[in-house]
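Visitor: Following this message is one structure expressed as structure tokens.
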Amino acid sequence: MKRFGILVAGVTLTAFLTACGQEDEVPTEAALPEPIEVELTVPESADVMAPVTLTTLVTQGEEKVEDATEVEYEIWLEGKKDDSIHVETTNDKEGIYSAETTFESDGIYHVQVHVTAREMHVMPEKKIQIGDAVASDQAEVHESRDATDDHHHESTEGLSVHFMQPKEVQVSEKTELMTHVQLEGKALEQTKIRYEIANSAHDVQWVETEETKPGEYTANHSFESAGTYTVTIHIENDTIHEHEDHTIEVK
């Protein structure tokens, strides 16, 4: 009887320890959220100075995303991305964000929407023909620009760069500099991204970034004095060497 009691106690203890072990198990991998999907709608063509409506539908699985942090259109004439303009959108609910704009001259224009929602960033791009322009006409513009700009790098086809412009930058305070980079609509990973920061006296500082998420490169920098700074984003890997300039006002 004594041996039987010891056996029962041993079985009970083993079962208890097994149950505790199962309760303490922690999943080794957290479930990843569904990616956001962005559907950009741009007319194929339009007349000069005619109102053009741009719309974007943002979804996550079956849900329509109405709480996007940023939805903004960037528009530029083919071959002149450095002269791009940004157009803010209206949240029309049901996941739709829209804007109306006009184009002042004939040309092939690029329309890219920058969407940041639920800690993800997507930036699809489409073209629109304005007036009587054809794509071949723009090649001459591009070649002419290359001939007069010694610092211009040939644009990498399908490369998209979006710099998150910081707001209210203060002297000596840490400022987060963040850039999203995609190639052919996919995050460009494991790429060397650096910031070249120059003040009005052309004093230059180089700042290395860290890839905090796929295609998202960040760095913290403190500006030593007030004024206007040029931040040049350098993007480099085995096949790409591009740069893009932005301006920051420090108070």
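All of the numbers you see were taken from the coordinates with simple rules; none came from a lab. Model, not experiment: these values are computed from the prediction. Don't worry about glycine lacking a Cβ; one is built from the backbone with ideal geometry, like all the others, and counts go over all protein chains shown.
Visitor: Please compute the modelled spin-label separation between Gln165 and Asn91, points set 7 Å along Cα→Cβ, answer in nm with one decimal.
Guide: Taking the simple label geometry, Asn91 and Gln165 are separated by 2.0 nm.
Visitor: So for the stretch 34-140, averaging the separation of alpha carbon pairs under 8 Å that are six or more residues apart and normalising by length, what relative contact order in percent results?
Guide: Taking the mean separation of contacting Cα pairs over the length of the stretch 34-140, I get 33 percent.
Visitor: Cross-link candidates for Lys251: which lysines have Cα within less than 23 Å, leaving aside residues fewer than 8 places away along the same chain?
Guide: Leaving aside lysines fewer than 8 places away in the same chain, those within reach of Lys251 are Lys167, Lys174.
Visitor: Measure out, as a whole number of angstrom, how far apart the alpha-carbon centroids of the stretch 50-89 and the stretch 217-236 sit.
Guide: What the calculation gives is 25 Å, centre to centre.
Visitor: Here's something else I'd like to know. Indicate the gyration tensor shape class of the stretch 163-230 (rounded, prolate or oblate), computed on the Cα atoms with a ≥ b ≥ c the square roots of the eigenvalues: a/c under 1.5 is rounded; otherwise a/b larger than b/c is prolate and the rest oblate.
Guide: Prolate.
Visitor: Of the cross-linked pairs Lys80/Lys126; Lys192/Lys213; Lys64/Lys186; Lys127/Lys192; Lys93/Lys186; Lys80/Lys127, which ones have a Cα-Cα span greater than 20 Å in the structure shown?
Guide: Pairs exceeding 20 Å: Lys64/Lys186; Lys127/Lys192; Lys93/Lys186.
Visitor: Between Glu37 and Ser225, how many nm apart are label points set 7 Å from Cα along the C-beta direction?
Guide: 5.4 nm
Visitor: Using the Cβ atoms and a cut-off under 13 Å, what net charge is assigned to the surroundings of Ile85, where Lys and Arg are +1 and Asp and Glu are -1?
Guide: With Lys, Arg at +1 and Asp, Glu at -1, the neighbours total -4.
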